[in-house]
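Undergrad: Starting off with a structure, shown below.
The values are calculated or read from the model by the stated rules, or taken from the named source; none is laboratory data. No experiment lies behind these values; they were computed from the predicted model shown. Neighbour counts run over all protein chains shown; Cβ positions are idealised from the backbone, glycine included. In case anyone asks, the SASA skips ligands and DNA or RNA and just uses the protein heavy atoms, side chains included. Shrake-Rupley method; radii C 1.70, N 1.55, O 1.52, S 1.80 Å.
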Amino acid sequence: MSKESFDLVVVANRLPVDITTSVAGEVTWTRSPGGLVTALDPVVRNADAAWVGWSGATDLALDPFDADGTFLVPVELSADEVEQYYEGFSNDTLWPLYHDVIASPAFHRAWWDAYRRINARFAHAAAAHAAPGAKVWIHDYQLQLVPAMLRQLRPDVTIGFFNHIPFPSVELFGQLPWRRQILEGLLGADVIGFQRPSDAANFRRCVTRLTSVKARSRQFSLITDQGSRRHIVAGSFPISIDAAGFSELAKKPEVLARAAEIRSELGNPQIVMLGVDRLDYTKGIRHRIKVYGELLRDQRINASQCTLVQVASPSRENVGAYQELREQVEVAVGRINGEYGELGHTAIHYLHHSYPQEEMAALYLAADVMLVTSLRDGMNLVAKEYVAARNDLGGALVLSEFTGAADELTGAIMVNPHDIDGMKEAYMHAAFMPPAEARRRMLRLRRKVLNNDVAKWAHSFLQSLEVTAELNAHPVLGGAGTSASSATTPS
Ligand code: G6P
């Protein structure tokens, strides 16, 4: 019988695989898309860990199973629950609210009830598979109530929470009818991690303004029901990728050959521009395409000389805002191709698919200019993958200021995606950059990405968790009648 409890339990909305069942009932799995899985996969692969998450299928009861050495614990969701908890509260309430209301968040009480119910289900599954004194690492906005729920069930475990997306300002977060419950859910963790210092600062401001806890510095404490002081850290831990692994992948002869083949399939244009995103309104895909269209219109480029490849992987297709975006993007692509395409020279190659990592690496190598133009983005790991792939020091990265990656990747050409004229200049600068400048910038970018990889990120988060757990293992009695207190050790 396989082992059933683990020293490290990862809890995320999705398992790192997508499950499909054939008509004959045979279950197969493939790697799931998204930044979170990309980041965590190498962390759990090298640890004695279990991963609790949803399989991606509805009404599918599955026993825990081993996949590539990780013990996977599927959490079942019915079709109704997917609609209310995943498509509804997670992706039509929290997602737009946390991304600065680029789309309008919808507030529905039935969605909130489902969110609470499903968070409790994840908490129970984690509690059942955590060894005594284990570390449980909970991920992302779909599961913000799990830390406090799990603490109730298993006070012996150490709890970390990492938010992969931005955390909004108190003015926006304050719109949420269940704002206090969400904050109290998160405060069940020992360490609450964010991508950028500004996200962590927003969270602390929300806690201070909307609860009785004063969280004025990175480390603060609250007085528990038992009257002891519990330390909590809320700080930034910018996530990354398996940079060395990605760089190695991009050195493989078959990947290099595929990159050359892609350029030739595109008709060997002088300049290949590339966008790679989930088809999501936060990614600034419409802005990106508009800029490209205007450059064609102004005849600063033409379709035989320059082509744009836009990979837009299907995402959250039952949510209205995503359906609208797809319509808008496809209309814009069609219009530009109709107007500026030439026989044998398509202006925009629009690919509504997901691709395996090898193909992505080949695309990065084939692209002279990588366009990351998010309107708001927790980190953006695509930008880091592009840099890691460019062992040849070629290529140029255009990067939105509104990504977490912009804090670190200062060698990129920074853009405000709302500034269409500014973006046009940035595209031209990137496309016709003198090789010496391109090399210099890429070297700078690579230093950052290769030195701060996902292993380092996980290590620094887990180390912070250990230090906080150690502090909390020796509780000091707090003042009677005090519900909260501010920190004594700012860092
Ligand atoms: C982002 C989120 C993840 C999510 C991923 C894919 O990276 O931070 O939590 O898993 O998008 O989205 P999906 O809705 O398909 O899980």
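Undergrad: Suppose we keep only residues that are more than 16 Å from the ligand (Cβ to nearest atom) and on the phi > 0 side of the Ramachandran plot within segment 37-88. Which one would you say is least open to solvent (accessible area, probe 1.4 Å)?
TA: Result: Gly69.
Undergrad: If you don't mind, there's one more thing I want to ask. Right, Gln310: out of contact with any Pro (no Cβ under 8 Å at 6 or more places or on another chain), of a type in the set (S, T, N, Q) and not in a loop (DSSP other than H, G, I, E, B) or not? Even if it seems obvious, please write down each step before you answer.
TA: Working: out of contact with any Pro (no Cβ under 8 Å at 6 or more places or on another chain): yes; of a type in the set (S, T, N, Q): yes; not in a loop (DSSP other than H, G, I, E, B): yes.
Yes.
Undergrad: Of the numbered conditions (1) in a helix (DSSP H, G or I); (2) touching a Lys or Arg at 6+ places or on another chain (Cβ under 8 Å); (3) aliphatic (A, V, I, L, M), Ala215 fails exactly one; give the number of that condition.
TA: Going through the list (1) in a helix (DSSP H, G or I); (2) touching a Lys or Arg at 6+ places or on another chain (Cβ under 8 Å); (3) aliphatic (A, V, I, L, M), Ala215 breaks only (1).
Undergrad: Here are the criteria: (1) farther than 28 Å from Arg300 by Cβ; (2) touching a Ser or Thr at 6+ places or on another chain (Cβ under 8 Å); (3) of a type outside the set (Ser, Thr, Tyr). Tell me which single one Phe461 does not satisfy.
TA: So the condition that Phe461 fails would be (2).
Undergrad: Could I ask something else about it? Among the residues of segment 279-286, are any open to solvent by 60 Å² or more (accessible area, probe 1.4 Å) and out of contact with any strand residue (DSSP E or B) (no Cβ under 6 Å at 6 or more places or on another chain)?
TA: Yes: one or more hits.
Undergrad: Tally the residues that are of a type in the set (A, V, I, L, M), within 30 Å of Asp156 (Cβ to Cβ) and either modelled with pLDDT of 80 or more or open to solvent by less than 40 Å² (accessible area, probe 1.4 Å) (or both), restricting the search to segment 1-36.
TA: The total comes to 8.
Undergrad: Now a separate question. Could you tell me how many of the residues in segment 119-175 are open to solvent by 10 Å² or more (accessible area, probe 1.4 Å), away from the ligand (no atom under 16 Å from the Cβ) and in a helix (DSSP H, G or I)?
TA: The total comes to 15.
Undergrad: I've got another one for you. Does Ala114 qualify as being away from the ligand (no atom under 16 Å from the Cβ) and either in contact (Cβ under 8 Å) with a residue 12 or more places away in the chain or assigned to a helix (DSSP H, G or I) (or both)?
TA: It is false that Ala114 is away from the ligand (no atom under 16 Å from the Cβ) and either in contact (Cβ under 8 Å) with a residue 12 or more places away in the chain or assigned to a helix (DSSP H, G or I) (or both).
Undergrad: Which residues, taken from segment 367-417, are at negative phi, crowded, with 24+ Cβ neighbours inside 10 Å and among the small types (Gly, Ala, Ser)?
TA: Answer for segment 367-417, where residues must be at negative phi, crowded, with 24+ Cβ neighbours inside 10 Å and among the small types (Gly, Ala, Ser): Ala367, Ser374, Gly378, Ala383, Ala388, Ala389, Ala396, Ser400, Gly404, Ala405, Ala412.
Undergrad: If you scan segment 176-200, which residues turn out to be among the small types (Gly, Ala, Ser) and surrounded by fewer than 18 Cβ atoms within 10 Å (Cβ to Cβ)?
TA: Ser198
Undergrad: Mind listing whichever residues of segment 246-276 are touching an Asp or Glu at 6+ places or on another chain (Cβ under 7 Å) and of a type in the set (Val, Ile, Thr)?
TA: Matches in segment 246-276: Val255, Ile271, Val272.
Undergrad: If you check Lys384, Lys424, which single one turns out to be of a type in the set (Lys, Arg) and under 19 Å from the mean Cα position of the chain (by Cα)?
TA: Lys384
Condition check ((1) within 15 Å of the ligand (Cβ to nearest atom); (2) open to solvent by 60 Å² or more (accessible area, probe 1.4 Å); (3) farther than 30 Å from Ile192 by Cβ) across all residues:
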position	(1), (2), (3)
Asp225	no, yes, no
Arg230	no, no, no
Ala243	no, no, no
Gln299	no, yes, yes
Leu308	no, no, yes
Ala332	no, no, yes
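Undergrad: Being at pLDDT 95 or above, farther than 15 Å from Gly275 by Cα and either open to solvent by 70 Å² or more (accessible area, probe 1.4 Å) or of a type in the set (Asp, Glu) (or both) is the filter here; which residues of segment 344-366 pass it? It would help to see each step written out before you state the result.
TA: To start, the set of residues in segment 344-366 that are at pLDDT 95 or above comprises 345-352, 358-366.
Remaining after also requiring farther than 15 Å from Gly275 by Cα: 345-346, 358.
Within segment 344-366, Glu358 is the sole residue that qualifies.
Undergrad: Need a quick list: helices (runs of 4 or more DSSP H) entirely within segment 415-478 having at least 3 residues that are of a type in the set (Ser, Thr, Tyr).
TA: 454-473
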